[in-house]
């Protein structure tokens, strides 16, 4: 099979297209013929050696590929040959075939294409877990999504509305970016480019929520945006930290948590896959049900050949596209 292989971490360009032996599924494993592999920001963090989980070298990048099951190992019962699936592996997706543990494989609805499934992966399961499990979202909540133009932000806006949010606020770095966030279902914009961020962010959230504030804040950004967003939280609000795309890891004075009776939690989706497989099944079941019911949709995407993985990564790193990039390993 053809695959991207990386022999040394440190640079996006360290991978090369090579011919590798076809993998064979072992006990509890599923062999997937990959038809679509998303290029995720976390793949860039991993290949450059900045991710908390270092892969054993040489390795093939790529999380969340979609395709067709070609074989199963002993003990596999939930997944069968011929199933259309997505595999939520930690890496190895930039290849024509991949072996994934059955617990990390989920059947796709017939209506969902491989490219759209790949474009939804990682963003939607991360956002679902943040909203359902960490933030305990309930109908009528006001939800503020920071970084609303990203993959996680797009998914969080859509899922918040599907889960019954009263007002979904999408925070954007400039007003011209709000059209895409509004298309995802956002009711109101929070413009992060306005002067005096600490005051202007809170004023915008309060204006959109009738003075109530944000019951839930989903934050993949960090930095100064987090500190400003905390001023907009409602009484008994819940903040979920997903990352630090802005580059800065913020701190907070814990007396503020007492004053607002609010809470802050963090979330790392890989831990949920390892520790709570049954909850992950619920996660994908609801995401796919929302998709079939028309309550969520795949984000805009573009496709590229497998050999162009580095070009795709550079485009994402340089913010040259707002679309999800999906590689097509089969040609």
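Nothing in this text is a laboratory measurement; each read-out follows from the coordinates by a stated rule. Bear in mind the structure is a predicted one, so any value in this text is a computation, not a measurement. Positions of Cβ are generated from backbone atoms using ideal geometry, with glycine treated the same way; all protein chains shown enter the neighbour counts.
For this structure, a couple of remarks:
- Exposure proxy shown here: for 244, 288, 124, the number of other Cβ atoms within 10 Å sets the order, fewest to most, as 244, 288, 124.
- Paramagnetic label reach from residue 330 (point 7 Å along Cα→Cβ; backbone nitrogen cut-off under 17 Å): within the range 3-35, residues 3, 23, 31-35.
- Segment residue 174-residue 52, extension gain: residue separation times 0.36 nm, minus the distance between their alpha carbons: 40.8 nm
- The residue 11 and residue 244 beta-carbon pair, evaluated with R₀ = 22 Å, returns a calculated FRET efficiency of approximately 0.55.
- MRE, 222 nm, helices only [DSSP H, n ≥ 4, -39500 (n - 2.57), over the chain, to nearest 500]: -8000 deg cm²/dmol
- Gaussian network model of the chain, springs between alpha carbon atoms under 10 Å - residue of 285, 110, 43 with greatest fluctuation: 110
- Modelled FRET efficiency - R0 35 Å, residue 20 with residue 275, Cβ distances, 0.05 increments: 0.70
- Order of 230, 120, 258, 1 - criterion: other Cβ atoms within 10 Å of each residue's Cβ, fewest first: 258, 1, 230, 120
- Note on the chain: with a GNM built from Cα contacts shorter than 10 Å, the maximum mean-square fluctuation among 150, 93, 28 falls on 28.
- Using a Gaussian network model of the chain in which every pair of alpha carbons under 10 angstrom is joined by a spring, one finds that among 254, 296, 39 the greatest mean-square fluctuation is at 254.
- Rel. contact order, % - alpha carbon contacts under 8 angstrom, at least six apart, the range 56-174: 20 percent
- Alpha carbon convex hull of the range 129-269, projected area averaged over orientations, nm²: 7.3 nm²
- The chain, relative contact order in percent, only Cα pairs under 8 angstrom and at least six apart counted: 18 percent
- Ranked by the mean number of other Cβ atoms within 10 Å of their residues, highest first, the peptides 95-101, 157-163, 220-226, 275-281 fall in the order 157-163, 95-101, 220-226, 275-281.
- Pairwise FRET efficiency - residue 317 versus residue 198, Cβ, R0 = 45 Å, nearest 0.05: 0.95
- Residue separation of residue 78 and residue 206 scaled by 0.36 nm, minus their Cα-Cα distance, works out to 41.3 nm of gained length.
- C-alpha center-to-center spacing [the range 275-331, the range 1-43] in angstrom: 16 Å
- Peptides 188-196, 235-243 ordered by average Cβ neighbours within 10 Å, highest first: 235-243, 188-196
- Between the range 66-110 and the range 175-215, the C-alpha centres lie 40 angstrom from each other.
- Of all DSSP-defined beta bridges confined to the chain, some 50% are antiparallel rather than parallel.
- Ranking of 262, 283 by neighbouring Cβ atoms within 10 Å, starting from the fewest: 262, 283.
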